Structures are given as C-alpha cells and as structure tokens.
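The values are calculated or read from the model by the stated rules, or taken from the named source; none is laboratory data. What you are looking at is a predicted structure, and each value in this text was computed from that prediction instead of being measured. Cβ sites come from the backbone with ideal geometry, for glycine too, and all protein chains shown count toward neighbours.
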Ligand code: SF4
C-alpha cells in the first residue's frame, strides 16, 4: 500500500516530506491535500513523539517493515495526546506480534486473486466490477484487508487501465463500476477526470461508486475541481466513505461531506468492527447519529477479514450480532448498518444481522 515511485522520486518525496513535517504544528491547515499527503507521519517514533505516548520501535519493526506507518496530520489533530487507547490512534498504531497471525489468517482471505478479470479489474458480484485504480492511500489502517495486495501488478495510468475499460465496454451486463484501491481519490484530478470520462462513455454503465477514506483523512481533498469533475459525469455517483468512530467526523470532515452531498453525490458509510475501537453499542450508536447529521447513511458494519497482521482487532460474530440488536433498540431502522461478512465465491455479502 505504498506510493510507487522511482528512486529519485523517493528521495525527493522523502526530503519534501521531512521539510513539511518540520513546519509549525498547525501549518498543515494551510496545505493543499497533496502537500498533506507529503507531510503525513511515516514513522512510529514521530507518531509517539507528537502524541507523547510510548512506542516500542524494535518490537514493531517487522510489522512496520511490511506495512509502514502513514498518518496524515489532519487525522493526528483529532487524536487525544497522551492517550494510548485513543480510538483513532489504535487504527493506525502498529503493535508487537502483528506479523505473527493465527494460521487461519491469510494474505488473501477474500480470494481476490481468483476474481481478477484483467490486471486491476475484479468481478465478485453480478452487474458490478471493481477497479483497483491505485495502491496509494491517505492513511495506513492496520486492519486493512488489502495490506498484502500485489499493487505493483495493478495499472496506474490511462494506457494501463485501457484493457480493463475495454473489458467493461464489452460486457453489457455490467451496470456499475466501483473505483477502489488503495484510495482512488489519491489520483490527481486531471487523471481521475480522464478515467471518469472514459467510464462515462460506456453506454450500458449507470453508476460509478467510489470507495474512499480521503474526505475523512484529508478533508481538503474535496476541492472545487473534484466536485466539478464528479458533477459533470452522466453516471449516478455514489461515494462510500469509511469511518469507524464518531471522533473521525469533525467539522472539517462535515464541510467536505456537505459539499459532496450538495453536489448530488449519494453518501454511504462502511465501518469495520474493531476490538477496542468501536466494539461497544455506545460508540456505534454515536457513529450512526453523527453520520446521519452529515447526510451519510450507515451502510455496512463489516466483520473483520482474517488478514495476516490484523488478528488483534477481531471481535466475535456473536458480539457483533448483539451490538446490532442494541443499535436497533436505540435508532431508527435506516440508521442501523447491516452487519456483514464477505465470503469468497458467494454471490453477495453474507448478512449476519
Ligand atoms: S484507506 Fe482503505 S485501502 Fe487504504 S489502508 Fe485504509 S482500509 Fe486499506
């Protein structure tokens, strides 16, 4: 889940990132979303220092070598200093032993390699295909189900996307394309616009769905340019954001989501049930209430996918079902997400509650 770059690009990006991190603590608020990508924290020592918490760099070296720390300052700003149990911190904090998962955890538990039609194009369900548009993200979530995905094999330019676009154009049973990754909103507007336009030209496509954490991690990503490029598409637009805790949804996120909703983008949220973060009914109820305030419908609560490195986040399905019952007792039906598990080869997600 790293940003692919040549050696000289890496050296330049590292030096830009270093100088961006050296700026005064709140300077990121004046930065563009791309500068905020560059100024993100990329090592555990700095994360510990900024939050004034103890971190064990040696015990987590295996985990961070395999999946580096990446925390934008806009997210760091919402974390509570000196609180090692902060629910936003726990989502990004590597832990000792993360690289030693139980045997039934695998690198590809959803068997996505078997669902690949073309490089970067997956079909799991009828009528919909998923494009891995990029391997880059605005945050590295330790529980990510694609933390071992072979992004180096995925296309990253219009020329490289063309075989996938041709495959979609040749199959008129496909009505919806899901842009995923990585995070498709890490793609710069000009390139994203070319991709959205090319998909819009396929006459049997009706909907474009974008799976993204960027409006939450770096709300400045929701620029006028992005709104404009989305608004000009003839495709119906659905954006599935990803928030796990109400603390993620501060005022800057509210503004970004308001702009998207006003532009006519349908907003849904998916969460993952995570031990120590949102595995209690109060946290989940508050999350749903806050999403509704922001005109976002709670869509899915996912049971954790059993990916190597993530077992410390696992909550039992029975507990998840119980939590959904408690949510139903407290909220209107439309505010209760479906508790689901993705099982490879099934024609749809399995709904547990
Ligand atoms: S933003 Fe999504 S794809 Fe990226 S690390 Fe987080 S969960 Fe994984």
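Details
- Residue list for region 323-342, restricted to those being within 20 Å of the chain's Cα centre (by Cα) and either surrounded by fewer than 15 Cβ atoms within 10 Å (Cβ to Cβ) or modelled with pLDDT under 90 (or both): 342
- Selection count where residues are in contact with a helix residue (DSSP H, G or I) (Cβ under 9 Å, 6 or more places away or on another chain) and within 23 Å of residue 90 (Cβ to Cβ), scope region 209-246: 15
- All positions within region 137-172 that are out of contact with any strand residue (DSSP E or B) (no Cβ under 9 Å at 6 or more places or on another chain), assigned to a loop (DSSP other than H, G, I, E, B) and either within 30 Å of residue 88 (Cβ to Cβ) or at pLDDT 95 or above (or both): 137, 138, 142, 150, 156, 170, 172
Residues checked against (1) within 10 Å of the ligand (Cβ to nearest atom); (2) over 27 Å from residue 75 (Cβ atoms):
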residue: 109; (1), (2): no, no
residue: 116; (1), (2): no, yes
residue: 122; (1), (2): no, yes
residue: 129; (1), (2): no, yes
residue: 135; (1), (2): yes, no
residue: 146; (1), (2): yes, no
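- Of note, residue 264 satisfies the criterion of being more than 16 Å from the ligand (Cβ to nearest atom), touching a strand residue (DSSP E or B) at 6+ places or on another chain (Cβ under 8 Å) and in contact (Cβ under 8 Å) with a residue 12 or more places away in the chain.
- You will find that of 240, 253, the residue that is in contact (Cβ under 8 Å) with a residue 40 or more places away in the chain, in a helix (DSSP H, G or I) and within 16 Å of the ligand (Cβ to nearest atom) is 253 and no other.
- Within region 47-71, the residues that satisfy the criterion of being in a helix (DSSP H, G or I) and either within 16 Å of residue 142 (Cβ to Cβ) or touching a strand residue (DSSP E or B) at 6+ places or on another chain (Cβ under 9 Å) (or both) are 47, 48, 50, 51, 61, 62, 63, 64, 65, 66.
- In region 322-353, the qualifying residues are those that are out of contact with any helix residue (DSSP H, G or I) (no Cβ under 7 Å at 6 or more places or on another chain) and part of a helix (DSSP H, G or I), and the one that is farthest from residue 113 (Cα to Cα) is 329.
- Selected residue (only one of 202, 277, 216 is surrounded by 20 or more Cβ atoms within 10 Å (Cβ to Cβ) and assigned to a loop (DSSP other than H, G, I, E, B)): 277
- Residue match in region 166-185 (condition: within 11 Å of the ligand (Cβ to nearest atom) and more than 18 Å from residue 230 (Cβ to Cβ)): yes
- Neighbours by Cβ (under 8 Å, 6+ apart or cross-chain): first from region 282-310, closer than 18 Å to residue 107 by Cβ; second in a helix (DSSP H, G or I) and modelled with pLDDT under 95: 309/63; 309/66
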